[in-house]
Structures are given as structure tokens and as C-alpha cells.
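Note sheet for the following structure.
A short reminder: the numbers here are calculations on the coordinates, not readings from a lab. Since the structure is predicted, the reported quantities are computational estimates derived from the model, not experimental observations. In this analysis, Cβ positions are derived from the backbone assuming ideal geometry, glycine residues included, and neighbour counts consider all displayed protein chains.
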Amino acid sequence: MELRTVWLEGNVVKLIDQRLLPGEYRVFEARDHKEVGFAIAEMVVRGAPAIGATAAYGMAQASLQGRDLEEVAAYLRATRPTGHDLFFAVDYMLEAAGKGRDLVEAAEAYAEDSLERCRAMGQHGLSLMKDGVRVLTHCNAGALATVGYGTALAPIRAAKEAGRHVFVFVDETRPRLQGAKLTAWELEREGIEHAVITDNAAGLFMARGEVDLVITGADRIAANGDVANKIGTYEKAVLAKENGIPFYVAAPVSTFDFGLASGKDIPIEERAEEEVREIGREALTPSGSPVRNPAFDVTPARYVTGYITECGILRSENLHTLQDEVVGGRGK
Ligand code: MRU
């Protein structure tokens, strides 16, 4: 029943192919670092912590194949620019190599640790989940976006396990529909009550008093608490504030980038026009219309009520206390 998004078998990195869900469950096999890079760039795997674990396994695979680890690291780093976990994981593996560690063991330790951190987020977030709570979430920050269990969905899972009733509003999340396709698939599988809504419906449900809490994941969080997450997160945060609804961000320390003072320096990935222009084979725009497709936006810290981390729920002014955990965590 428990989902595992990425693992290593022999020297093949195996991944749930998230491009095919919810229609088909298929395992994608990445046989070298170029195929691992393809899987990340083309979103066979997506979600910041899942990308991090995939990169860790990709580095382990490269060591088994006797490749130049610095070259593979550079290749993987160039796949997706916004999520911090990718860079965190690659640095962790290079450090492990520098210490002479077995890289397969290091990648397994990284992935297990990442999973445990998600479970811990679930336990900390449980304090926010009253019986009957109605939560809105954006994109997919569930098991599929991590090694397993999820970040934003972790407190929701923990609440279900504790016997509490939870209802989840799932933003469909244009253009790639990670909410409609992936979050709904996970919730359906686990029997968690939910409804998929169009991205532009969130304001209506908030204004009607039908949303008690918003929880999203994050791709990168700057030192001041500004949060890069899936495009559309910012407007949900503004709507939440306008309607007096708490807005929480769930993320492990690997997502925090203390090297950036604020969110204005977070690189925002712009993806292919086709993601906006078409769904399947159906054209949604005139072929001559230019398209812009930023994949992420930045929510200023002032809109974030708190950060659900594996070390507890923190306010932006206390995030600096996580810095020791960042350094310690990488050293494990
Ligand atoms: O483009 P994606 O699907 O990789 O974006 C994913 C998100 O924005 C998630 O909310 C974020 O990575 C947190 S995942 C636990």
C-alpha cells in the first residue's frame, strides 16, 4: 500500500513514471546518469525531495559505473533550477565520496532519512489537524513528490492514521495538473475524502468559509522564509490572508537555502510553451499566440503562518535554528 517513488536495483534507478498517472502505473528504468537527468528534466519524477533522492541514487549509480562524479554532478544539477533538494543531495553525495563512503549505502541512507523526515513532519503537523478539518492544498506534495509519505500531505496522512476526519480541496494545478492527476490519485488510494477544484475556484471556497487551513509544499525556502513553490501558490497565500485562513508550508531542511537572503534570488524555471498550449493532442491556444510558462512563484514570508518541518513548526523569525540541522543532516 505504501508508495515508494524511487529506488535502486542493481545499477538501475527505478522510478514511478509520474507522467502516466493516474491512467497507468509503470516503472521507468534509468540505466545511466543521462537517463536519470532525463527523468528529472522531463518530470518522470518531480517534487523537490523526490528529485533529491533520485539525484542521490543517480550519483550512486555513477559510482558503480566508474564515472567521473564531478561531471555527473554537473549534469544532474543542470536539470531543474528551482528546487533546492537536488543541489543538497548532489552535495551530500560528493561529500560522501570525499569521505570514502560507499555511495550506494550513502544514497540508501539519504533516501531513508528523507522518508523519516516526512513522517516527522506528519507528527508535528498533526497538532494543526482537528477532527473534521478542511484543508486546501496546491500541486502535489505527497508521497510521489518525496521518497514516500509526503510533506504537505504528511499531516493529512497522520491525521487519517490517528482516526481524525479530514477533507482536502485539491487545486488542479495548471499547466501539468499535478493536483488533479497525482494528489487526487494518492488521496483516492488511501480513502481520504477530497474534491478536485479548478485553480481559480479556491477564492470562492475560502470566502464561503469552507476552508480551515491551507498547506502546501515548497521547492526552495530562502533564509527570510520566502517560499518558492508551484506556480499559483502565491495567489493562494494572498487569498488565505484576505480570508483569515492560516497558510502553512511543509518542507524538510533539505529544501531550505540559507545561502539566499530572500526569495528574490531564487531561480524560477520557465518550462516549454507546449505545457500551456496543449493538453494531450488538443490545442488550447491559437498557434500564433505567444505563451509564458513559469513553473514556480515566490510567496513572501509575511503570508506564511508557519513552516511544518521535521524539527517542529516554526515561524519565519525562528528558521535560523534549522541551520545546524542542515549541516548535521548532510553529514550523516
Ligand atoms: O514541478 P514540480 O511538480 O516538481 O513541482 C512540485 C512542487 O511545486 C511541490 O509543491 C514541491 O516540490 C514540494 S514537494 C514535497
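A Förster distance of 45 Å, applied to the separation of the beta-carbon atoms of residue 20 and residue 317, puts the FRET efficiency at 0.55. Note: relative contact order over region 6-117, using C-alpha pairs below 8 Å and six or more positions apart, is 25 percent.
Normalising the average separation of contacting C-alpha pairs (under 8 angstrom, six or more residues apart) by the number of residues puts the relative contact order of the chain at 16 percent. The value for region 149-267 of Rg(Cα) / (2.2 N^0.38 Å) is 1.08. Seen through its C-alpha gyration tensor, with square-root eigenvalues sorted a ≥ b ≥ c, region 127-330 comes out oblate because a/c lies at 1.5 or above while a/b is not bigger than b/c.
Test of the criteria: in region 123-218, which GluC sites (Glu not before Pro) are in a DSSP loop and have at most 14 other Cβ atoms within 10 angstrom of their Cβ? When the GluC sites (Glu not before Pro) of region 123-218 are filtered for loop state and at most 14 Cβ neighbours within 10 Å, 210 remain.
Take every DSSP beta bridge whose two residues both sit in the chain; close to 50 percent of them are antiparallel. Among 43-51, 61-69, the peptide with the highest mean count of other Cβ atoms within 10 Å heads the list, and the full ranking is 43-51, 61-69. Membrane-span-like helices in the chain, defined here as complete DSSP H runs extending at least 20 Å along the helix axis by their C-alpha atoms with mean Kyte-Doolittle hydropathy no lower than 0.5, are 48-64; this is a sequence and geometry rule, not a statement about a membrane.
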